[in-house]
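For reference, the structure discussed in these notes is given below.
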Amino acid sequence: MSAVSFTSVRPSLAARVPVSPLGLSRACARPRPMQRMVPRATPDTQKGPIEGAITEAQDACATGSTDECAAAWDTVEELSAAAAHKRDNAKTAQQSDPLEQYCEGAPDADECRVYED
């Protein structure tokens with residue numbers, strides 16, 4: 001029996017690697033799996049001041065006059081409204097069209113022209 005050397009065998013037979021029509025091995029031609037993206041909620045940073053204002057308003061109502069109580073609850077209402085407006089503005093900024101964002105910066109661009117009949 002004679003020993004087989006690598007010089008006497010064709011390289012594709014010696015390696016026994018399946019080759020695609022493009023000359024790439026199947027391991028290289030295989031698509032990579034997509035990475036998972038896990039959405040996470042952002043912490044609400046506005047709760048701290050609102051909760052503090054609520055406790056102050058409750059204390060003011062328990063120990064102070066009605067004017068102090070009303071003023072304290074007005075402060076709570078203003079802080080809550082400011083937090084709600086901030087959340088709404090963040091949502092609309094994320095949902096806006098990229099073309100609209102582009103046209104805000106370059107209103108004279110061809111893509112931003114508006115034709116009226």
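The values are calculated or read from the model by the stated rules, or taken from the named source; none is laboratory data. Just so it is clear, the model here is predicted, and its values are computed rather than measured. Note: ideal-geometry Cβ built from the backbone for every residue, glycine included; neighbour counts use all protein chains shown.
A few remarks follow.
- Considered as a group, the residues in the range 15-46 that are of a type in the set (D, E, K, R), exposed (fewer than 10 other Cβ atoms within 10 Å of the Cβ) and over 30 Å from LYS91 (Cα atoms) include one that is modelled with the lowest pLDDT, and that residue is ARG16.
- Filtering the range 47-74 to residues that are crowded, with 16+ Cβ neighbours inside 10 Å and either of a type in the set (Gly, Ala, Ser) or over 32 Å from the mean Cα position of the chain (by Cα) (or both) leaves ALA53, ALA57, ALA60, CYS69, ALA72, TRP73.
- Pairs are defined by a Cβ separation below 9 Å, a sequence spacing of at least 6 or placement on different chains, a first member in the range 52-77 that is in contact (Cβ under 8 Å) with a residue 12 or more places away in the chain, and a second member that is surrounded by 12 or more Cβ atoms within 10 Å (Cβ to Cβ) and not in a helix (DSSP H, G or I); the pairs so defined are ALA72/GLY64.
- Of the residues ALA72, ALA81, the single one that is part of a helix (DSSP H, G or I), in contact with a helix residue (DSSP H, G or I) (Cβ under 7 Å, 6 or more places away or on another chain), among the small types (Gly, Ala, Ser) and at pLDDT 90 or above is ALA72.
- Test: residue in the range 98-117 that is loosely packed, with under 11 Cβ neighbours inside 10 Å, among the β-branched types (Val, Ile, Thr), modelled with pLDDT under 85 and out of contact with any His (no Cβ under 6 Å at 6 or more places or on another chain): no
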